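Heads up, the thing below is written out as structure tokens.
Just so it is clear, none of the values below were taken in a lab; they were calculated from the coordinates. In this text, all values refer to a predicted model and were calculated from it rather than measured experimentally. Ideal geometry is used to build each Cβ from the backbone, glycine not excepted, and the neighbour counts take in all protein chains shown.
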Amino acid sequence: MYLSIQSNNITLNSLAKENIKKRARRVFSRVEDKIDKVLINVKDVNGPKGGPDKLCKVIIESTVSSTIVVTNRKQNLAAAVDLALTKACFNLTQKMKRRKGKKVKSMPDSTLEV
């Protein structure tokens, strides 16, 4: 799984980037083999004004579904990243379940007759 972190209007030190990478790897650990690429983009929308202005956008390119894009906006950067990663993983697992369900449902019952 390729993992990339980009930041706009926010300076991320190496420790912050490493923490985001660890969190992403932990969240996607169960579905890591289904993911080609994860792009995480964080930015400060309002600048120094304050308010819920930290935006995290997670883009997942997967082998089992179309591209998944999730955005989340919070006052705290860590909370924005955490919730966006969690939502993205949930979204991917739901798409995987639907895809698996469709394969089973597409098989006609008549083929099971002896």
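Points to keep in mind about this one:
- Taking each residue as 0.36 nm, the span from L39 to R23 lengthens on full extension beyond its C-alpha to C-alpha distance by 4.4 nm.
- Beyond 18 Å, the tail of the calculated P(r) for the chain holds 53 percent of the Cα pairs.
- With the helix formula -39500 (n - 2.57) applied to DSSP H stretches of n ≥ 4, the chain reaches a computed 222 nm mean residue ellipticity of -13000 deg cm²/dmol.
- Against the chain, whose longest principal axis comes from its Cα atoms, helix 77-105 is set at around 10 degrees.
- Ranked by how many other beta carbons lie within 10 Å on average, peptides 57-70, 11-24 from highest: 57-70, 11-24
- Rounded to the nearest 20 debye, dipole of the chain from Cβ charges on Lys, Arg, Asp, Glu: 180 debye
- Label sites at F90 and T63, each approximated as a point 7 angstrom past Cα along Cα to Cβ, lie 2.7 nm apart.
- Helix 14-27 and the longest principal axis of the Cα set of the chain meet at an angle near 20°.
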